[in-house]
Amino acid sequence: MLYLYHRETRTKVLGPGERYVIWVQGCKKRCPGCINPEGRLEGQNGYWISTEKILAELKNEQGLMGITVSGGEPFLQAHGLAELVKSIKENTQLDIMLYSGYTLAELRAKHDKDINFVLEHSDILVDGEYIEELNNNTIYRGSDNQEIHFLSPRYRDFKDIIYNTHNRDLEFISRNGELFMIGIPEKGFEAKFKRAILERTNFFKEEEK
């Protein structure tokens, strides 16, 4: 079981190809400018979901390349995460990409069997705390202090291309009256987005006069 903040069955902006993405709920870090502050609360603001449910949804989506696990902090739920990784590796050919506020060295230093299992059976880890001043629009990373670790050979041939790509895409999902953003925004995006919405709203008000 995992306690999630949100999940999407298909997106193109958080890893190679089309991906299933889950955001776990709960994080102990308080990075200034965090793009998902709602995902920090531990044990609240989320919902439980079983490994079996996630696996069924993965199998139902044709053409997926992999699953991305973000947060919150995935490794606060290391046991449930290990169960999910084991199930995916045993039942699919999908790759596994992870985001963590902890560095790879910090995770390994915990000497936790579940954490070690996840790292040994995943393909990509993006690690480290978010530092807003280092947000330079680098693909897959919130800030340039973060490192992309290629834990398996699957994407190592694309390492140079990935590290030298400086553009990101965002997706917006509207569902049940709520708007959810997928992806990593550029520095100052929230203010720009609010300004654009205000300008658009004022435009329509003028049109109605």
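Just so you know, all these numbers are worked out from the coordinates, no wet-lab data involved. The model shown is predicted, which means the values in this text are computed figures rather than measured ones. FYI the Cβ positions are ideal-geometry reconstructions off the backbone, even for glycines, and counts take in every protein chain you see.
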The residue that is farthest from the chain's Cα centre (by Cα), considering only those in the stretch 98-125 that are among the aliphatic types (A, V, I, L, M) and within 17 Å of VAL21 (Cα to Cα), is VAL118
Does THR9 meet the test of being among the polar types (S, T, N, Q) and within 17 Å of the chain's Cα centre (by Cα)?
-> yes
So how many residues does the stretch 165-174 have that are surrounded by fewer than 15 Cβ atoms within 10 Å (Cβ to Cβ), out of contact with any Lys or Arg (no Cβ under 8 Å at 6 or more places or on another chain) and in a loop (DSSP other than H, G, I, E, B)?
-> 4
Just checking, which of ILE148, ILE139 is in contact with a helix residue (DSSP H, G or I) (Cβ under 7 Å, 6 or more places away or on another chain), farther than 28 Å from SER87 by Cα and of a type in the set (A, V, I, L, M, F, W, C)?
-> ILE139
Would you tally the residues in the stretch 95-138 being surrounded by fewer than 17 Cβ atoms within 10 Å (Cβ to Cβ) and out of contact with any His (no Cβ under 6 Å at 6 or more places or on another chain)?
-> 16
Residues (free of Cβ contacts under 8 Å to residues at least 40 places away in the same chain and β-branched (Val, Ile, Thr)) located in the stretch 147-186 | ILE148, ILE161, ILE162, THR165
Given the structure, is GLU129 in contact with a strand residue (DSSP E or B) (Cβ under 9 Å, 6 or more places away or on another chain), among the acidic types (Asp, Glu) and farther than 21 Å from ARG10 by Cα?
-> no
Of all residues in the stretch 6-28 being of a type in the set (Ser, Thr, Tyr) and within 24 Å of ARG156 (Cα to Cα), the one that is surrounded by the most Cβ atoms within 10 Å (Cβ to Cβ) = TYR20
Within the stretch 58-105, which residues are in contact (Cβ under 8 Å) with a residue 12 or more places away in the chain and among the acidic types (Asp, Glu)?
-> GLU61, GLU73, GLU83, ASP95
Scan of the stretch 136-164 for residues that are within 19 Å of GLY72 (Cβ to Cβ) and either among the polar types (S, T, N, Q) or not in a loop (DSSP other than H, G, I, E, B) (or both), ordered by number = SER143, GLN146
